[in-house]
Amino acid sequence: MDIKAMQERQKHIRNFSIVAHIDHGKSTLADRILELTHTVAKRNMEAQILDTMDLERERGITIKLNAVELAYHAKNGQTYTFHLIDTPGHVDFSYEVSRSLAACEGAILVVDAAQGVEAQTLANVYLAIDNDLEIIPVINKIDLPAADPDRVKAEIENDIGIEADDAVLASAKQGIGIEDMLERIITDIPAPSGDLTAPLKALIFDSVYDSYRGVVLSIRVFEGVVKPGDQIKLMQNGKTFEVTEVGVMSPKAVKRDYLMAGDVGYLTASIKTIQDTEVGDTLTLVDNPAQKAVRGYRKMKPMVYCGLYPVDSSKYNELRESLEKLRLNDAALTFEPETSEALGFGFRCGFLGLLHMDVIQERLEREFDLDLITTAPSVIYHANLADGTQKEVANPSEMPDPGTIDSIEEPFVHASIMVPSEFVGAVMELAQAKRGEFDTMEYLNNNRVNVIYHLPLSEIVYDFFDKLKSSTKGYASLDYEIEGYRQSKLVKMDILLNGESVDALSSIVHQDFAAERGREIVDKLRKLIPRQQFEVPVQAAIGNKIIARANIKALRKNVLAKCYGGDISRKRKLLEKQKKGKKRMKQIGSVEVPQEAFMAVLRTDETETHKK
Amino acid sequence: MTTGAYVHIPFCQHICYYCNFNKVFLAGQPVDDYITCLLKEMRLVTAAYPEKKLNTLYIGGGTPSALTVKQLERLLSGMREILPFSGGEFTFEANPNDLLTTDKLKVLFANGVNRLSIGVQSFNDDILKRIGRTHRSADVYQAIANARKVGFDNISIDLIFKLPKQTQADFAASLDQAIALDLPHYSTYSLILERQTVFYNLMRRGRLPLPSQDTEADMYALALNKFSAAGRQQYEISNFAQPGYESQHNLIYWRNQQYFGFGAGASGYLGKTRYQNFGPIQQYLTPLHAGRVPVFRRHVLPRSEQIEEQLFLGLRMKAGVNKQQFATKFGFSMASLYGNVIRRLVARGLLAEDHQHIWLTRRGEFLGNEVFQAFLLDSDT
């Protein structure tokens, strides 16, 4: 290979990401870039082309990453190769964000011209700064009536500490400022500088499973060259594979003879399962290995667990197969079989966070057509037993007998809540009520405050975020990071239906809140569970002590009175609807319980979790 | 095979707050054209079934009694001429306030109508007002006196319970007043909240104070007891009669037998096909003007649905479903298909059985839908 030509090519590569808060217009901006670089013919443009899954499009969030190669003919007459690396926009996926940022030399920071800098933006900008990226601020949506670019510029300078004088003013929707931005990418973002002759060092920043080719890795080559036929090794787990294909996404896969230092592309090597590869791991050659891996590897660990059960227990195998399929594309999803007395056979699944959990649940129901019962999300508790051992408990019903427990620890997070100053009081009141411990408070400017609290993760999982949104009129944003375990006065609360304890409804609560929460749950269940053919008592209990009780009255009358002048099909429809509704319920002992009841235990009404 | 015909008159002078049957305000409607087309439909459809004879006729609505004397005369004489009906039960639905004089009643009687179904709903004037009825209880007495004077003896009235703000005492009073009229037949229905009604609208805004399910059940129990004590035996979930006065036409539905449906939105069941006519008046009239039948949809019942209907309709009757008839009709025993279902329902006290029949227990009558659903076939029955 001609090293000179390769070096010349390397000089014309620019690798960058777009960092933005959800809704600040990242996907639209990416679409405009694709359009302007003629990567996608305009007539083929489907709005927001980088977000491929339906769910992503619906929720306006990006889950899987994409790296697209674009050719840009610059004003200086030269042609540049751009690699646009898309990043997920949610805190649950911050590790994936950090890995894709590590594949870049620069980042475009998109800030909404009206809303300004948000906590989420900050978190990702810090990740970008952490990766030594050159940052180009772009103020988007300047066509909005409420746009205030000068204020936003000041925010960028004060809150983030980067120059914003020459920020690009853009409207991705209207196509304003896009070309300026592309020119700035060439002038501001450095070309990659990796040594083409050094041993191969490439970072895996994403992976997807393809049923024909096996796992397809998204990689950034830092040093050396990789081509089909090479024997490669994963530096973390030591596994070796033979490369079958390399190429770039443009945005469809285009085969290449090799990928070299500076390139961002894909690689396949007949890798059978996604668990063999980990995002953040480094690829090198078996016979000429790199000395050091790319820094920053971290094992992704689930934070939130819940039980997933098929409503129809004969669908257990289908659920397992569907979870396996999802795991092919989601290295962070974990699951293992578990059994519940109430719900039968199912899986205890681990997720990076609540959004991740919601997304998986929805995909199972939508793509695989499964009716599921989800138990309330739980964190992992550490039970310190009297015999000196420690037990990890991800399922509340498995909490050991109180008599054998010395103490219980729960995960705490370092939560940073960014909020306009007028809501500081409300935030502190809420955090206090949720067992938070105040750390510091920082005025970012006259009007924005960053309030730091130490909070139990379980409270965040419960309803903290919803309460935060409602008590700050939606202005607050939350970012959090696990900081470790602390001892708390926790107890297991059981729920009894018709006198029988239902394991799937057990939860771990703080002693001081147990009575109140017990009443809430019992009341909620009373409303959610339809009348049965007999009266059903609903009780909350700690050990043998009943702390709350309500009765679901017996069904007294349910018979269609009339025949509608011989319109039998109408009657049939009604009966079929009733029957279908019943099938979606789970028989617990002799009580029919609707799916929502199982979620009710740890969620308040109208819960919209971190969806947007 | 017993066959009936239902004739739908979709016009009303006033729309009741709970009704979502196919109906429109009378004013400005092409009523005369409708009657012409209705008769045309009867000619077209009966010509296709030359072997069918009709055992019962039923004119319902809407408000059939809202037609003028002249219109009634034309409709009824036309029907008698066209339809292969040579006597048998002939029912006409009427509002009390259309029977305050005897002129319409006379036309009905002269044309062979021999059963009246009068929409009384309640004897409490406040309640009548609240549910959008325009008649008052005094009208009911006048209407029934007139009907008897003209010669009608087979008269039925409807009562509704679980009405907004209705109490157990209100309903008890209405039942007593109804029974005091000493009619041979009564129907009583609990309110069904339907979409596209005033009530549904109120309910959505939280402004429909309906009695609780417990009160509803108590009201139903009260009706069962009072009618039984008065010698009006229950023969169907909502129907009560002196022996010999059971509605032959309604029994056709529950026995899963055949009937024509004439008129806008009417349903029929012929051969293995259930069909329904276009509901909107113009959509109903247009094909008939062009000499075509106004059928909106047809559904050929698969065997499974015929079986289900035999049961969920048949079980509405006090007599229940006959096992031998079932086996003869479908070629296998009820037990071979529903053995488990029946056992389960019997164990839950909802169903009873002997060698000949299965039928609802008293508890089963209250929870009929629980029973009917169980007879719907699906992959895991």
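Run B:Q325 past the list (1) of a type outside the set (D, E, K, R); (2) exposed (fewer than 14 other Cβ atoms within 10 Å of the Cβ); (3) under 19 Å from B:I252 (Cα atoms) and report the number of the one that doesn't hold.
(2)
Could you tell me whether any residue of the stretch A:451-458 is among the polar types (S, T, N, Q), touching an Asp or Glu at 6+ places or on another chain (Cβ under 8 Å), part of a strand (DSSP E or B) and within 25 Å of A:M599 (Cα to Cα)?
no
How about the stretch A:497-585: which strands (runs of 3 or more DSSP E) wholly inside it have at least 1 residues that are surrounded by fewer than 16 Cβ atoms within 10 Å (Cβ to Cβ)?
A:536-542, A:545-552
When the residues of the stretch B:344-354 are narrowed to those that are at pLDDT 95 or above, outside any helix (DSSP H, G or I) and not small (G, A, S), which ends up surrounded by the fewest Cβ atoms within 10 Å (Cβ to Cβ)?
Of everything passing the filter in the stretch B:344-354, B:D354 is surrounded by the fewest Cβ atoms within 10 Å (Cβ to Cβ).
With among the β-branched types (V, I, T), more than 26 Å from B:E370 (Cα to Cα) and either over 18 Å from the mean Cα position of the chain (by Cα) or away from chain A (no Cβ under 12 Å) (or both) as the only criterion, which of B:V321, B:V295 stands out?
Selected residue: B:V295, the only one of B:V321, B:V295 that is among the β-branched types (V, I, T), more than 26 Å from B:E370 (Cα to Cα) and either over 18 Å from the mean Cα position of the chain (by Cα) or away from chain A (no Cβ under 12 Å) (or both).
I'd like the residue in the stretch B:262-284 that is under 15 Å from B:L54 (Cα atoms) and either in contact with a Leu (Cβ under 9 Å, 6 or more places away or on another chain) or part of a loop (DSSP other than H, G, I, E, B) (or both) and, out of all such residues, is nearest to the other protein chains (Cβ to nearest Cβ).
Filtering first and then ranking leaves B:Y269.
Kindly establish whether A:S211 is surrounded by 15 or more Cβ atoms within 10 Å (Cβ to Cβ), among the small types (G, A, S) and not assigned by the TED database to the domain that holds A:I108.
Taking the combined requirement at face value, the residue does not satisfy it.
Quick check on B:I155: is it more than 14 Å from chain A (Cβ to nearest Cβ), in contact with a Leu (Cβ under 6 Å, 6 or more places away or on another chain) and at pLDDT 95 or above?
Here the answer is yes, as B:I155 does meet what is asked.
Output the residues belonging to the stretch A:527-552 that are within 14 Å of another protein chain (Cβ to nearest Cβ) and over 30 Å from B:L313 (Cβ atoms).
A:E535, A:N551, A:I552
A:I3: farther than 21 Å from A:I186 by Cβ, of a type in the set (A, V, I, L, M) and modelled with pLDDT of 80 or more, yes or no?
yes
Can you tell me which residues in the stretch B:133-189 are surrounded by 22 or more Cβ atoms within 10 Å (Cβ to Cβ) and charged (D, E, K, R)?
Matches in the stretch B:133-189: B:R133, B:K162.
Quick check on my filter: what residues within the stretch B:177-224 are in a helix (DSSP H, G or I) and within 14 Å of chain A (Cβ to nearest Cβ)?
B:Q213, B:D214, B:T215, B:E216, B:A217, B:D218, B:M219, B:Y220, B:A221, B:L222, B:A223, B:L224
Given the criteria within 14 Å of chain A (Cβ to nearest Cβ) and among the aromatic types (F, W, Y), does B:F227 qualify?
No: the conditions fail for B:F227.
So which residues in the stretch B:237-248 are facing chain A (nearest Cβ under 9 Å) and closer than 24 Å to B:L301 by Cβ, if there are any at all?
Result: B:I237, single match.
Name the single residue, out of those in the stretch B:273-310 being of a type in the set (D, E, K, R) and touching a Ser or Thr at 6+ places or on another chain (Cβ under 8 Å), that is surrounded by the fewest Cβ atoms within 10 Å (Cβ to Cβ).
Taking the candidates together, the pick is B:R298.
This table checks each residue for (1) out of contact with any strand residue (DSSP E or B) (no Cβ under 7 Å at 6 or more places or on another chain); (2) crowded, with 19+ Cβ neighbours inside 10 Å; (3) basic (K, R).
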{"position": "B:N20", "(1), (2), (3)": "yes, no, no"}
{"position": "B:G28", "(1), (2), (3)": "yes, no, no"}
{"position": "B:Y58", "(1), (2), (3)": "no, yes, no"}
{"position": "B:S65", "(1), (2), (3)": "no, yes, no"}
{"position": "B:L72", "(1), (2), (3)": "yes, yes, no"}
{"position": "B:R80", "(1), (2), (3)": "yes, no, yes"}
{"position": "B:L83", "(1), (2), (3)": "no, yes, no"}
{"position": "B:P96", "(1), (2), (3)": "no, yes, no"}
{"position": "B:L105", "(1), (2), (3)": "yes, yes, no"}
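Just give me the residues in the stretch B:361-377 being more than 8 Å from chain A (Cβ to nearest Cβ) and either surrounded by fewer than 19 Cβ atoms within 10 Å (Cβ to Cβ) or more than 11 Å from B:F312 (Cα to Cα) (or both), in sequence order.
Once the filter is applied, which keeps residues that are more than 8 Å from chain A (Cβ to nearest Cβ) and either surrounded by fewer than 19 Cβ atoms within 10 Å (Cβ to Cβ) or more than 11 Å from B:F312 (Cα to Cα) (or both), the stretch B:361-377 yields B:T361, B:R362, B:R363, B:G364, B:L377.
The values are calculated or read from the model by the stated rules, or taken from the named source; none is laboratory data. Keep in mind that what you see is a predicted model, and the values were worked out from it rather than measured. Neighbour counts run over all protein chains shown; Cβ positions are idealised from the backbone, glycine included.
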